[in-house]
Every structure is written in C-alpha cells, then in structure tokens.
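What follows is a short report on a single structure.
Quick note: the coordinates plus some simple rules give every number you see, no bench work behind them. Since this is a predicted model, take the numbers as computed values, not measurements. Please note: Cβ atoms are built from the backbone with ideal geometry, for glycine as well, and neighbour counts cover all protein chains shown.
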Amino acid sequence: MDKAIRQAKGDGKPHTAQDSIPFEVIYPDGICKLPGKSYSKSLAFDDINYQLAQADDKTATFENLCDLYNYFDASVGVQLSLISQYVGREEFERSIEISDQGDSFDSIRKEYALMLQNQLSRGNNGLVKRKYLTLTIEAEDLKAARARLARIETDVLNLFKVIGAAAKPLNGKERLQVLHGLMHPDGEPFSFEWDWLPKTGLSVKDYIAPSSFQFGKTRLFRMGKKLGAASFLQILAPELNDRMLADFMEAQDGLMVTLHIRSIDHNEAIKTIKRKITDLDAMKIAEQKKAVRAGYDMDIIPSDLATYGGEAKNLLRDLQSRNERMFLLTFLVVNFADTRQKLENNVFQSAGVAQKYNCALTRLDFCQEQGLMSSLPLGLNQVNIKRSLTTSSTAIFVPFTTQELFQGGEALYYGLNALSGNMIMADRKQLKNPNGLILGTPGSGKSFSAKREITNVFLVASKKDTIIICDPEAEVRQEVA
Ligand SMILES: Nc1ncnc2c1ncn2[C@@H]1O[C@H](COP(=O)(O)OP(=O)(O)OP(=O)(O)O)[C@@H](O)[C@H]1O
Ligand SMILES: [Mg+2]
C-alpha cells in the first residue's frame, strides 16, 4: 500500500524529459499554466530597421521601448526572448523553387533556381532569428487570468504598433511549435493537432519534449543529441550599448538570449533609494565627526562615500522627476552546439561580445537546468540572479536590427539583406502600389537590377505577366541585337 502511494505521489523529482519542462498545461488559446497561480501568454514580434536608422529614428524607437517597459507594473513579469535557430530548409527551398514550364528556357530556370539556393545557404547559414515577448501574471483561476491577459495583450500590441513592429499573439499550437523547435534545435518537423490528445492519451508535453535531458554536468547540459550551456550576463558596465543584443545574435550556431524583466513598485523603489541615501548620510556624518575629533578638515570624507552619495541622489531624481522606473533584470544566454569543442567556442564567442561592452558572461554552474528552463519562452524565471536597472538602462537592450522581407507567393529575388544576410524575396504585385523606381549612382548597377528583375519575371511568370520595355536610348535592344 505504502509503495503504491509513494509511486503515485512520486518523490518530487523529475524522472522524464516531460517532467523537467516546468509548465503544467497549455490551452488552445495560447495561455500557459505555470506552477503555482501563474499564467503566461506569448507574442511574436517582427524586426524593424534599427541598426542602420537615422539618429532621431533610433531615439524614437528607444523612447517607445521605454514606454513599453513603463507600461508594466510589478504584477506583470516580462520575458524577452531572442532566438536564433536552425529551421527546416525544405520550407524555404519550396518558396524559392521555380517550376518548369515546358518551353525552351527550362534549363535556364534550373540554373537560376540553383543560384537562388546557393544564395539561401550562403546568407544566414540556415539560421533564423525569432523574437518573442512573454507576459506572466498571477491569477486565481483561468477565467481571471484570461481576462487580465487579454487586456494586457491589447495594450502591448498597441505599444508595438507605435514602435512599428508587427506583433501577434501566439495560440496554443503556435506556442507548442516554438517550444518544440527550441527542444529540437536541428529543425525536426512538428506535427500536432488538439484532437489527437484524447485519442492518443498523450499530453501536450509528449509532443514537444526532446528524447532526453541530461543535467548531470556542472557547466553544460545535453538535450537529445545537442549540447548546450547556459550562462548569465553580469552587467558591470556603467554605460550600456544598444548594439549588444544585435551582436549576441550574430552567433554562428543556435542561441537563446533571454531577458526576464520585472518592474519594482515605483513607491517601493523610491523608498529604498531614500533609505540608502539616509544610510550614506549617516555614514558621512560619522566620518565628519571623526574628522573634527581628529582635528582635520571635515570636508575630507572617503571618496567612495562621496561618489555613492552623488549617484544615489541622481537616481532618486531620475525616478521622481524623469519618468523612470526601476526594474529587476535577469539576462540569460544559452548556447547550443553539436560537440563539446564547438560549444566552448560558441560560449567563448558570446563571452567576447559581453567583454566588448564591459560586461561578463558567467556560466551558471550547477544551475544549467534552471538556466535552460528559464530561457524557454514560458515566462518562468528560476534563476535568482537579478540586477536592478532603470527604464532607460533596460530599454537600451534594443531587440531590433533590420527588417526582413521574405514574401511568399510569386515573390521575386531582390538580393541579400546587407546586415542579416537573409534573402530578400518580394512580390510587388501584392502591394497597394506595385510601381518601382531604381535609383543609383552611374555604373552602380541600375540597368543590371532592372534586367535581373525582367529575367526573373520572365522565368517565373512568363505565361501570366507581360513585359513591356520602353527603351529610348536603345540600351536593351543593343544588347539583344
Ligand atoms: N549584382 C551585380 N553583380 C555583378 N555585377 C554587377 C551587378 N550589378 C551590376 N553589375 C555590373 O556592374 C556594371 C555596371 O552596371 P549597370 O550598367 O547596370 O549600371 P548602371 O547603374 O545602369 O549604369 P549607368 O548609370 O551607366 O546606366 C555592369 O558591368 C554590370 O554587369
Ligand atoms: Mg544603365
């Protein structure tokens, strides 16, 4: 009897890969029930042009991000996930395929398609970058959680609209797909339908869990056949840089960068700082008394005391008068690789990025499991290493680099994105105004790009589209002749 009860209750330790994944259930509408009374919801958002934007556009984006973070009060946990992962190549290859049309140009079509495939593999090494924002709240039951999350979600979507980044909430299946992708980093296909659950008797976790987790080692973990290492960023720099996140994301292998952001109650934050200032003042007075007793000038106080006092007063002023709030930030980085050696190289590369911005990337020794689970976009932070930052220091981690353009349908190839290396595929006919104009300095390739587009249209849609060339200087005609 005792044995049966023990077996049913378990010993509180995870025994399967499914047990290690710390959520309870994901509902079809995308709400995830976490342990305790926490519920979370995820949004996926797109990139916008940031790194190459003009200074005032950058400032505007930064200020909008500040507004986004200031919107959250202490009851909402925010998790920003930037993920770089391998995806199934088939999907992409299908979208750039050019089917044969049975005329005498099929061989050229094959050659053109081969060129496109080369560009695809050269561009981004098969890595795709995705961004998610996960919101966590506490609620009594699912109904209350749903109502509150819906309200927050609408506001956050509006804030993203102001930033100019397209954002959309993920439904349950999409969230499972994201988690599946993270736990199968080589891009294995995901298949799941809600009505399979009752038929198979499986739980949602069975569809996403990897074949195994191994967290026995101090400084790394194994997930299926991949190795990974979780680290956290020690923010030591007094000044932070908006390029840091973008630089992390340039890694050559799979990577997850996670920021857990939790606002501190505004009055509480001000009270804490005031208390600190009082403490510092008391220490200052004690030093001055000592100085008077010893008979030297009482303006001479330890310089640390003077600088800390000044900094604390500046912070108090920012909080009270300049629309700044305080946040607790946990910054996690998880690297993946196929071999131990490669993994160490990848971690070293990420540590180099941190070093470049005067921060330090420290391995989460003995906490690899917590590190990995906190990096999944579930909205659960199990790593208790927090750094307090003001709104502007939090928003300086700008998650934007460059807008991508990869349309489906009859999209034509327009080159590679100079920053991300991704292919630019666009279908002008889908736009409200499909006209185009090519501008450039003499000899920069204007005629070439026009001819390339003409050729592309000819190869892809010669049966449907008419190509009319007005050529007053007889440039094309000369070449044809
Ligand atoms: N993407 C490209 N890859 C390789 N070569 C290119 C590319 N684009 C242009 N070129 C080469 O650069 C040269 C100049 O290109 P092109 O004649 O198209 O320039 P243009 O801007 O039309 O010049 P102009 O102002 O004189 O009309 C050509 O020899 C062309 O083959
Ligand atoms: Mg020309």
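Brief remarks follow.
- Long pairs among K33/K161; K131/K168; K173/K226, criterion Cα-Cα beyond 22 Å: K33/K161; K173/K226
- Highest-first arrangement of 326-339, 343-356, where packing means the average Cβ count within 10 Å: 326-339, 343-356
- All lysines inside 30 Å of K276 as judged from Cα atoms, apart from same-chain residues fewer than 8 positions distant: K284, K289, K290, K313, K386
- Leading residue at positive end of dipole, the chain (Cβ point charges), from T455, T441, A306: A306
- All aspartates and glutamates inside 19 Å of K356 as judged from Cα atoms, apart from same-chain residues fewer than 8 positions distant: E239, D242, D247, E250, E344
- Listed by chain and number, the lysines placed with their C-alpha closer than 17 angstrom to that of K37 are K143; residues fewer than eight positions away on the same chain are left out.
- Simple Cβ-charge dipole of the chain, Lys/Arg +1 and Asp/Glu -1, about Cα centre, in debye nearest 20: 1360 debye
- The peptide list 401-413, 305-317, put in order of mean Cβ contacts within 10 Å with the highest first, becomes 401-413, 305-317.
- Value at 222 nm in deg cm²/dmol, rounded to 500, when DSSP H runs of n ≥ 4 in the chain each add -39,500 (n - 2.57): -13000 deg cm²/dmol
- Packing, taken as the mean count of other beta carbons within 10 Å per residue, orders the peptides 144-155, 129-140, 274-285 from highest to lowest as 129-140, 144-155, 274-285.
- Mean projection area, nm², convex hull over Cα of the stretch 276-427: 16.4 nm²
- For the chain, the alpha carbon convex hull comes to 238 Å³ per residue, rounded to a whole number.
- The stretch 266-321: C-alpha gyration tensor shape, a/c 1.5 cut-off, then a/b vs b/c: prolate
- Ellipsoid semi-axes in whole angstrom, largest first, where each is sqrt(5λ) of the Cα gyration tensor of the stretch 303-358: 39, 15, 8
- Farthest towards the positive end of the charge dipole of the stretch 357-481, among the residues T466, S374, T401, is the Cα of S374, using unit charges on the Cβ of Lys, Arg, Asp and Glu.
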